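Enquirer: The structure that follows is given in the form of structure tokens.
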Amino acid sequence: MTSIERTAYPRFKRLITAHELHLFFAPSRDEVEWAAARADCDEHLLARLLALKSYQRRGCFPKLDEIPATVVDFVRRAVELPEGTVPRAVNRTAERQRTNVRQRTGLSYDKAKARKIAEAVMRSEAVSKNRPADLINIALEKVVEAGLELPGFTTLDALAAKVRTATPRTWPTSRPT
């Protein structure tokens, strides 16, 4: 398995600076109004804003428990929600939130198309690139260019492994003389 740290796959950093919080996670007035119009409680409002800001930053949706506490606290304070408000969205509510965020950002959710693009670019590059991380990075770039939501990292990693084993290589070999 390829280490996610060796790829450009978007993820939350362990330490997020105050500058990064303000730059990437501060909701605009328009975003707060948009989210508030679709939320029926503070917990759903916070969850929707976290989904929006995370999606804008990463191109995919994290699970709520994967979002660092510093980001949750920053967004909660930015919209002046009561201390202790915890983001909540399960099942159908979470799916509605993801659909709303996709519509707002203009990105499409088409798993099959994203995988097809990723596999095609990996196959074309596998003859010259041997590292799975390189194949994953190229696939990420092409999926983003297509305006699609990113597949999960494990999906891309498994696809890279599959493509690498199926691709014949013509690497030069060094032989002792």
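Enquirer: So is Lys116 at pLDDT below 95, of a type in the set (Lys, Arg) and surrounded by fewer than 17 Cβ atoms within 10 Å (Cβ to Cβ) or not?
Expert: So Lys116 fails the test.
Enquirer: Still on this structure, please answer the following. From the list Val75, Val90, Val86, Val79, exactly one residue is of a type in the set (A, V, I, L, M, F, W, C) and in contact with a Lys or Arg (Cβ under 7 Å, 6 or more places away or on another chain). Which is it? Step through it out loud before you land on a result.
Expert: Values: Val90 fails: in contact with a Lys or Arg (Cβ under 7 Å, 6 or more places away or on another chain); Val86 fails: in contact with a Lys or Arg (Cβ under 7 Å, 6 or more places away or on another chain); Val79 fails: in contact with a Lys or Arg (Cβ under 7 Å, 6 or more places away or on another chain).
Only one candidate passes the filter, namely Val75.
Enquirer: Going by the structure shown, is Ala146 open to solvent by less than 70 Å² (accessible area, probe 1.4 Å), in contact with a helix residue (DSSP H, G or I) (Cβ under 7 Å, 6 or more places away or on another chain) and either of a type outside the set (S, T, N, Q) or over 30 Å from Arg29 (Cα atoms) (or both)?
Expert: yes
Enquirer: Go through (1) touching a Leu at 6+ places or on another chain (Cβ under 8 Å); (2) at pLDDT 95 or above; (3) over 23 Å from Phe153 (Cα atoms) and name the single condition Ala78 misses.
Expert: Only one criterion in (1) touching a Leu at 6+ places or on another chain (Cβ under 8 Å); (2) at pLDDT 95 or above; (3) over 23 Å from Phe153 (Cα atoms) is unmet by Ala78, namely (1).
Enquirer: If the Cβ limit is 6 Å and pairs must be 6+ apart or interchain, which residue in the stretch 98-125 that is of a type outside the set (Gly, Ala, Ser) pairs with which residue that is open to solvent by 90 Å² or more (accessible area, probe 1.4 Å) and not in a helix (DSSP H, G or I)?
Expert: Within 6 Å, the pairs are Arg102/Tyr109.
Enquirer: Go over the candidates Ser128, Ser124 one by one and state the one that is over 15 Å from the mean Cα position of the chain (by Cα), in a loop (DSSP other than H, G, I, E, B), over 17 Å from Leu45 (Cα atoms) and hydroxyl-bearing (Ser, Thr, Tyr).
Expert: One residue alone meets the criteria, Ser128.
Enquirer: Looking only at residues that are over 17 Å from Arg6 (Cβ atoms) and either free of Cβ contacts under 8 Å to residues at least 12 places away in the same chain or in a helix (DSSP H, G or I) (or both) in the stretch 131-162, which one is farthest from the chain's Cα centre (by Cα)?
Expert: Out of the qualifying residues, it is Lys162.
Enquirer: Taking Lys63, is it at pLDDT 95 or above, open to solvent by 30 Å² or more (accessible area, probe 1.4 Å) and under 27 Å from Thr154 (Cβ atoms)?
Expert: Details: at pLDDT 95 or above: no; open to solvent by 30 Å² or more (accessible area, probe 1.4 Å): yes; under 27 Å from Thr154 (Cβ atoms): yes.
It is false that Lys63 is at pLDDT 95 or above, open to solvent by 30 Å² or more (accessible area, probe 1.4 Å) and under 27 Å from Thr154 (Cβ atoms).
Enquirer: Would you mind finding the one in Arg57, Arg88, Arg92 that is surrounded by 11 or more Cβ atoms within 10 Å (Cβ to Cβ) and not in a loop (DSSP other than H, G, I, E, B)?
Expert: That would be Arg57, the only listed residue that is surrounded by 11 or more Cβ atoms within 10 Å (Cβ to Cβ) and not in a loop (DSSP other than H, G, I, E, B).
The values are calculated or read from the model by the stated rules, or taken from the named source; none is laboratory data. Remember, it's a predicted structure, so these values are computed and weren't measured experimentally. When we count neighbours, we look across all protein chains shown, and the Cβ atoms used for this are built from the backbone with ideal geometry, even at glycine. With ligands, DNA and RNA removed, areas are computed over all heavy atoms of the protein, side chains included. Shrake-Rupley method; radii C 1.70, N 1.55, O 1.52, S 1.80 Å.
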